[in-house]
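Structure, as structure tokens:
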Amino acid sequence: MIADRMNKIDASGIRKVFDLAAKMKNPVNLSIGQPDFDVPDIVKNSACEAINAGFNKYTPTQGIPELREKVTAHLKNQNRLSNRDDDMTMITSGTSGGLLLSIMTLVNEGDEVMFADPYFVMYKHFVNLIGGKPVFIDTYPDFKLTAERVEKNITDKTKMLIVNSPSNPTAAVYPEKDLKEIAELCNKRGIWIISDEIYSSFAYDEKFASIFPFAEKGILLDGFSKSHAMTGWRVGYAVGNKNVIQEMCKLQQYTYVCAPSMAQKAAVNALGVDISGIVDSYRRKRDIVYESLKNKFELVKPGGAFYAFVKAPGGNATKFVEKAIANNLLIIPGSVFSERDTHFRISYAADDAVIKRGMEILNELI
């Protein structure tokens, strides 16, 4: 009854934890990768105004012109665009929507798609769903993606490399030097680079650098879910070669149709919001987590996003997470994000009191 392709993907392990959380009484929840602040008022008001003004119909598949222009200017101001004249910007139904469109547009059955292990959960399943082959680049124990590690995994079937910096789940932020070397390698081999930059606003100790300007064949993906807490609004964007973006638009026309109209209108104003105070708050939350755990747990200090990827005592993350859940703490086993089951993920997108209580529970479990 069910199509064979569905056997290639599993229900998200994160969703399973979400379902578990709904059944627990007041759990200490450090599992959800969703900002704990609200959408800025100017953005909410803009959406309401658009709705009341009747802006509720389909938009152009590629997105409304004013948002596309604002996104392009925003990226240019941050030195995240290339000097190519044939690049084009489109608005996607979330960054994950852009990810699926780009993979479906570029990857044929049997093509190999590389990405760092640990990885964002969708990468593996999207590639499997369309008949590609995921190739896992082992980045343990430091979670650094380097040209040397990438090169070891290249074959004559390699089509694409997905780069996620800052990373979910490891919180690694890749230096510009390493990104240039990776791009040079991929350029020589004719490999496409998809740069997932959804956490670009959250880099704490060094300036965020994009690999996109250095990639001859590249797609930049970003959106508003993390930076402006617009997770449910489903507005992202993709930038890349015009011919590829036009094919992605064609595919979007027959799938998502367009990003939500009123959310696009609101996103125009979102790009003008100063979120530096929010970033400072998350840097402080990061410090609470790291300072609380560093003496008893093995972990790399998170450089960005809002996660910590911590080595489980005893080496079995699933068993440790079960123990944590039995003590009313929700965290995610590393096997959700990796071919290994040695670490667990903490999300510190939570109230300070919840974070501190979570750290107390973890330290009590040792």
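Taking a ≥ b ≥ c as the square roots of the eigenvalues of the alpha-carbon gyration tensor, region 1-122 is classed oblate because a/c is 1.5 or more while a/b is no larger than b/c. Of all DSSP-defined beta bridges confined to the chain, some 50% are antiparallel rather than parallel. Comparing C186, C249, C48 in a Gaussian network model of the chain where C-alpha atoms under 10 Å apart are linked, the largest mean-square fluctuation is found at C48. For Rg/Rh (Cα atoms, Kirkwood Rh), computed directly from the structure shown, the correct entry in [x] 1.21; [y] 1.02; [z] 0.95 is [z].
Spacing of the modelled spin labels on E339 and N79, each 7 Å from Cα toward Cβ, amounts to 3.6 nm. Under 29 Å of direct C-alpha separation, and excluding same-chain neighbours fewer than eight residues apart, K296 reaches these lysines: K16, K25, K144, K285, K311, K319, K323, K356. What separates the Cα centres of region 166-226 and region 298-366 is a distance of 26 Å.
A protection proxy built from the mean count of other Cβ atoms within 10 Å ranks the segments 30-37, 292-299, 215-222, most packed first, as 215-222, 30-37, 292-299. With a Förster radius of 41 Å applied to the C-beta separation of K207 and Y58, the computed FRET efficiency comes to 0.60.
The relative contact order of region 41-270 comes to 31 percent, based on Cα pairs under 8 Å that sit 6 or more residues apart.
Considering only P141, P313, P175, the Gaussian network model of the chain with Cα springs below 10 Å gives its largest mean-square fluctuation to P141.
Between G63 and I91, the built amide H atoms are under 5 Å apart, and every one of these is 5 or more places off in sequence or on another chain. Placing a pseudo-label 7 Å from each Cα along the Cα-to-Cβ vector at T155 and I288 gives an inter-label distance of 4.6 nm.
Compute the Cα gyration tensor for region 41-82, then decide on rounded, prolate or oblate, letting a ≥ b ≥ c be the square roots of its eigenvalues: rounded whenever a/c is under 1.5, prolate when a/b is larger than b/c in the other cases, and oblate in all that remain.
Working: a/c = 4.59, a/b = 1.73, b/c = 2.65.
Judged from the Cα gyration tensor, region 41-82 comes out oblate (a/c at least 1.5, b/c at or above a/b).
Please tell me which of these pairs span more than 29 angstrom C-alpha to C-alpha: K57/K159; K23/K133; K70/K207?
On the way: K57/K159 37 Å; K23/K133 36 Å; K70/K207 22 Å.
Beyond 29 Å: K57/K159; K23/K133.
Does region 177-312 come out rounded, prolate or oblate, given a ≥ b ≥ c as the square roots of the eigenvalues of its C-alpha gyration tensor, rounded meaning a/c under 1.5 and, failing that, prolate meaning a/b above b/c? Oblate, since a/c reaches 1.5 and b/c is not below a/b.
Highest GNM mean-square fluctuation among P40, P302, P166, for the chain modelled with Cα contacts below 10 Å: P40.
Taking 0.36 nm per intervening residue step and subtracting the Cα-Cα distance, what contour gain separates D280 from E364 on full extension?
Values: separation 84, 0.36 × 84 = 30.24 nm, distance 2.86 nm.
Taking D280 through E364 to full extension adds about 27.4 nm, to one decimal.
Mean residue ellipticity at 222 nm from the helices of the chain, using -39,500 (n - 2.57) per DSSP H segment of n ≥ 4 over the full residue count, to the nearest 500 deg cm²/dmol? Computed ellipticity for the chain at 222 nm equals -12000 deg cm²/dmol. Residues whose amide H comes within less than 5 Å of that of S31, counting only those at least five positions distant or on another chain, are S347 (H built at 1.01 Å from N in the peptide plane).
Report the relative contact order of region 194-344, percent, no decimals, based on alpha-carbon pairs under 8 angstrom and at least 6 residues apart.
The value is 18 percent.
Since every read-out is calculated from the coordinates, none of them should be taken as a lab result. On a predicted model such as this, the values are computed, not experimentally measured, just so you know. Quick reminder, even Gly has a Cβ in these numbers, built from the backbone with ideal geometry, and neighbours come from all protein chains shown.
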